[in-house]
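S.K.: Dropping a structure here in structure tokens format, bear with me for questions.
Values quoted throughout were computed directly from the atomic coordinates according to the rules given, and no laboratory measurement underlies them. Given the structure is predicted, the values throughout are model-derived calculations rather than measurements. With ideal geometry, Cβ positions are generated from the backbone for all residues, glycine too; neighbour counts draw on all protein chains shown.
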Amino acid sequence: MDGTPSHLDAKLFYRKLDSLFGAMDAGRSQDDLVKSFLVESFRTLQEGLRLKAALLYKERSERFQLAKTVGTPGGAVGRNLDLAQPVLSLVFRHLVYIFPNPDSEDSPHHQGFLPRCASAAIVVGKKPNRSVLFFLLDSGWSLEELDFVLNTVRAALATRLVEERLRGSLKEAAEIQQSLLLDEPPQFKGYDIACNSIPTEEVGGDFFDFAPLESELLGLAIGDASGHGLPAALLVRDVVTGMRMGLEKNLKITSVFEKLNRVINKSRMTSRFVSVFYGELEASGNIIYVNAGHQPPLIFNKHAIVPLDIGGSVIGPLPETRFQRGFARMERGSLLVLCTDGILERRSPGGEFFGEERLKRLVLENREATAQQIIDRLFAAAFEHGGGRPWEDDATAVIVIRK
């Protein structure tokens, strides 16, 4: 078990969380951002978490004042909370606190400012601009799921508030990212390699990387950080730097990923995640790899298409995640395709994904072309599939052909 409630799809949940933030207007005040988050998070999570209502209290001098209510509380709610309220002390100490029994002495209902029902609260921000969000729970709620989701939501919102203050650093982040990421693939005897990456903003959340480990051993990686722009770029910086440092010490691939996951999890970017594929390609065609929640790369051998899908969960959200190594082989004439969701999830004007089947068909129709020709045709086809509109997500691909 990796710590995720068994009935939750972790990657889907984090994508929903990213979409929730992506729907908000950038540049708004912290108060407006938290109010908007309360409304959108209640709408997104109401059914799954069994929520009746959500309340936002904002810090105002020596008290917390009710600033926003969504849903149906089912009774009177307090307009003002004194800083000395025992409920607030618990929330401030734990950051996320669940009150399962409305009749217990420490519950909001017992202290007179919420209706009689189970509830939970999270706090974000720093003095004197803290916000406390209370969620009123309906029957059928799950303690395990609620605890997991609210801890993640709190970290995500706290990170977003920090991000709003960092947007002025975008130019510096772009310079840092460009200094880390490669423009061209290395030469590797017996192989033809091409790569391309198109960010939707000045900096992006996709990356590819190559590590010539020996004359007959090449490390290659591709990754996709959730979201895009500055927050994703900062996460990419940490992941690429961590991978390079770990691999230079000749550590096992799985150990590098497990240590990197712990480092990213402990950072202030915990609410975000990154999917990564890393493989070590021998000149003989053998590949040892780990796939951390990434879209499986595909090897096009003579008689089969082989997905490289062994590994583990995405990196970042959970403190302890275990990874497995996978093994594959490229025959002479084989072709390896690595890409990110920005290509496969490129939508047509009618809403249809470009999808893996189109990618497979394009590669099979161009088996005699060079790696650069295939990658150029792939990007052109995906762009055309989207009706010539700007890319909705960062798009990245790497093509490796064994001659």
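S.K.: Around residue 96, what is the net charge, scoring Lys/Arg as +1 and Asp/Glu as -1 over all other residues with Cβ under 12 Å from its Cβ?
M.R.: Every neighbour counted, the sum reads +1.
S.K.: What GluC sites (Glu not before Pro) does segment 83-153 have in DSSP loop regions with at most 11 other beta carbons within 10 Å?
M.R.: 105
S.K.: Please identify the GluC sites (Glu not before Pro) of segment 41-89 that satisfy two criteria: DSSP loop assignment and at most 12 other Cβ atoms within 10 Å. Which are they?
M.R.: Counting only loop positions with at most 12 other Cβ atoms within 10 Å, the GluC sites (Glu not before Pro) in segment 41-89 are 62.
S.K.: Which ordering of 39, 363, 290 is given by a fewest-first count of other beta-carbon atoms within 10 Å?
M.R.: Neighbour counts put them in this order, fewest first: 39, 363, 290.
S.K.: Here's another thing I want to ask about it. Which of rounded, prolate, oblate describes segment 10-168, given a ≥ b ≥ c as roots of the alpha-carbon gyration tensor eigenvalues and a/c under 1.5 marking rounded, otherwise prolate only if a/b is larger than b/c?
M.R.: oblate
S.K.: Hey, another quick one. Order of 352-362, 335-345, 132-142 by packing, highest average Cβ count within 10 Å first?
M.R.: Averaged packing, sorted descending, gives the order 335-345, 132-142, 352-362.
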